[in-house]
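Undergrad: Right, I'll just put the structure down here and ask away after.
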Amino acid sequence: QVQLVESGGGLVQAGESLRLSCAASGRIFSGSAMAWFRQAPGKGREFVAAINWAGSTFYRDAVKGRFGISRDNAKNTVYLQMNSLKPEDTAVYYCAADSTIRGSSLYTDKYNYWGQGTQVTVSS
């Protein structure tokens, strides 16, 4: 059974940084696409960033230049470095994984495995 456990969320002021981590169990990690999604209060879940098995990265426009996704296959962990945070980044952030997802599906919520989420709150 694959498990994803996020950590690193918290309360910060606008302009500050946070780094989220997602630790994966099971053998899914090295060959899988990994992604971060977020869900703000009263809104649907939205794609934030993804990294495929080859290390290529993908971002939603609103976070390009501020967020960076990376993976450490030796530690079965994916990271989301979030810089220059804004109040509109406030949300629960979820880690997702899938061994078969490709192409444009990387941007969708069709991943098979999800973490429980970690809260990020950015005050103005």
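The values are calculated or read from the model by the stated rules, or taken from the named source; none is laboratory data. Just so it is clear, the model here is predicted, and its values are computed rather than measured. Every residue, glycine as well, gets a Cβ built from its backbone with ideal geometry; the counts of neighbours run over all protein chains shown. Side chains are part of the model used for accessible areas, which takes the heavy atoms of the whole protein and leaves out ligands, DNA and RNA. Shrake-Rupley method; radii C 1.70, N 1.55, O 1.52, S 1.80 Å.
Undergrad: Could you tell me whether SER7 is farther than 21 Å from SER124 by Cα, touching a residue at least 40 places away in the same chain (Cβ under 8 Å), open to solvent by less than 40 Å² (accessible area, probe 1.4 Å) and in contact with a Ser or Thr (Cβ under 9 Å, 6 or more places away or on another chain)?
TA: No.
Undergrad: Output the residue which, of all residues in segment 110-124 that are open to solvent by 30 Å² or more (accessible area, probe 1.4 Å) and part of a strand (DSSP E or B), is farthest from GLY10 (Cα to Cα).
TA: The extreme case among them is TYR113.
Undergrad: In this structure, does ARG71 turn out to be open to solvent by 20 Å² or more (accessible area, probe 1.4 Å), in contact with a strand residue (DSSP E or B) (Cβ under 7 Å, 6 or more places away or on another chain) and over 17 Å from ARG38 (Cα atoms)?
TA: Yes, satisfied.
Undergrad: State yes or no: is VAL12 part of a strand (DSSP E or B), in contact (Cβ under 8 Å) with a residue 40 or more places away in the chain, open to solvent by 50 Å² or more (accessible area, probe 1.4 Å) and aliphatic (A, V, I, L, M)?
TA: no
Undergrad: Contact list please: Cβ distance under 6 Å, first residue in segment 59-85 and among the basic types (Lys, Arg), second residue part of a loop (DSSP other than H, G, I, E, B), pairs at least six apart or on different chains.
TA: So the pair list comes out as ARG66/ASN83; ARG66/SER84.
Residue-wise test of (1) over 18 Å from SER99 (Cα atoms); (2) in contact with a Leu (Cβ under 9 Å, 6 or more places away or on another chain).
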| residue | (1), (2) |
| --- | --- |
| GLY9 | yes, yes |
| LEU18 | yes, yes |
| ARG38 | yes, no |
| ASN52 | no, yes |
| LYS64 | yes, no |
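Undergrad: Restricting segment 77-109 to residues that are within 18 Å of LYS43 (Cβ to Cβ) and part of a loop (DSSP other than H, G, I, E, B), which is least open to solvent (accessible area, probe 1.4 Å)?
TA: LEU85
Undergrad: Now for a separate question. What's the total number of residues in segment 1-25 that are touching a Lys or Arg at 6+ places or on another chain (Cβ under 8 Å) and of a type in the set (Ser, Thr, Tyr)?
TA: Adding up the residues that qualify gives 0.
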